[in-house]
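None of the figures in this text is laboratory data; all of them are computed from the coordinates on show. Quick caveat: nothing in here was measured; it's all calculated off a predicted structure. FYI the Cβ positions are ideal-geometry reconstructions off the backbone, even for glycines, and counts take in every protein chain you see.
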Amino acid sequence: MNETYKGSCFCGDIRFEVTGPAKFACFCHCESCRRAAGGVYVAWATFARDSFVVTRGNMVEHHSAAPVTRGLCANCGTSLTYEHADRVGEIDVTLTSFDKPAKFSPAAHIWMEDRLPWVTIRDGLPQYARTVNSS
């Protein structure tokens, strides 16, 4: 049986639900994610797109690059979702926007070629130059 996970933006205007399981969870170090979230890296979980539902409020979409659509709260700016045209049917959700983010365990670090030079990773997880399919 698939579990339903709930979450929200920082101000609470947006509530969402997504039904699992998560296909993959990771830490992304790409410059785009860092800038969008204002962090040194961002923890994401990937789900089937049709399992994600906004239950309150309206998520604003921002096209940060030609193939990328990011979902965020227009009121507080919380980065909530990421969709890429090359991954039709999938949506990434920021782990820290879930009510219980500890339910997920990232399995890798991706886009390490963009990692800030003062960030040291010592958690033993695999590290990929770009995506999981890259070296």
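Given points 7 Å out from each Cα along the Cα-Cβ axis, report the VAL68 to THR46 separation in nanometres with one decimal.
It works out to 1.5 nm between the two label points.
Counting only the backbone N, which residues of region 1-25 are under 12 Å from the spot 7 Å out from the Cα of LYS103 toward its beta-carbon?
Once the point is set 7 Å along Cα→Cβ of LYS103, 2-8, 16-22 turn out to lie under 12 Å by backbone N, inside region 1-25.
Can you give the net charge of the other residues whose Cβ lies under 9 Å from the Cβ of SER32, counting K and R as +1 and D and E as -1? Intermediate results must be reported in sequence, preceding the final value.
Numbers: positive: ARG34, ARG35, ARG70; negative: GLU31, ASP114.
Neighbourhood net charge equals +1.
Taking neighbour Cβ counts within 10 Å as the exposure measure, how do VAL119, VAL42, VAL88 sort from fewest upward? Walk me through the numbers on the way to the answer.
Details: VAL119 11, VAL42 23, VAL88 8.
Listed from fewest to most nearby Cβ atoms, that is VAL88, VAL119, VAL42.
Can you pull the one-decimal nm distance between simple spin-label points at THR55 and VAL132, each 7 Å off the Cα toward Cβ?
2.7
Evaluate the charge dipole of the chain about its Cα centre and quote only its size in Debye, nearest 20, assuming +1 on the Cβ of each Lys and Arg and -1 on the Cβ of each Asp and Glu.
Numbers: 14 positive and 14 negative charges, 47 e Å.
Dipole of the chain, to the nearest 20 debye: 220 debye.
Express in nm, to one decimal, how much length is gained between ARG122 and GLU3 on full extension, taking 0.36 nm for each residue of separation and deducting their alpha carbon distance.
Numbers: separation 119, 0.36 × 119 = 42.84 nm, distance 3.06 nm.
Between ARG122 and GLU3, full extension yields an extra 39.8 nm.
Just from its helices, what would the mean residue ellipticity at 222 nm be for the chain, if runs of 4 or more DSSP H residues each count -39500 (n - 2.57) and the sum is divided by every residue, rounded to the nearest 500 deg cm²/dmol?
Working: 1 runs with 7 residues, N = 135.
The per-residue figure over the chain is -1500 deg cm²/dmol.
Counting other C-beta atoms within 10 Å, and keeping those with at most 11, which DSSP coil chymotrypsin sites (Phe, Trp or Tyr not before Pro) do you find in region 106-135? Let's see the in-between values first.
Working: sites: TRP111, TRP118, TYR128; in loops: TRP111, TRP118, TYR128.
Passing both the DSSP loop test and the Cβ count: TRP118.
Given the C-alpha atoms of region 14-135, compute the convex hull and give its volume per residue in Å³. Please report the intermediate quantities before stating the final value.
Working: hull volume 13.4 nm³, N = 122.
Dividing the Cα hull volume of region 14-135 by its residue count gives 110 Å³.
Principal axis lengths of region 40-97 from Cα atoms, whole Å, largest first?
Projected onto its principal axes, the Cα set of region 40-97 covers 29, 25, 20 Å.
Would you report the distance distribution of C-alpha pairs in region 1-77 as whole percents per 5 angstrom bin, up to the bin with the largest distance?
3, 14, 20, 26, 24, 10, 2, 0
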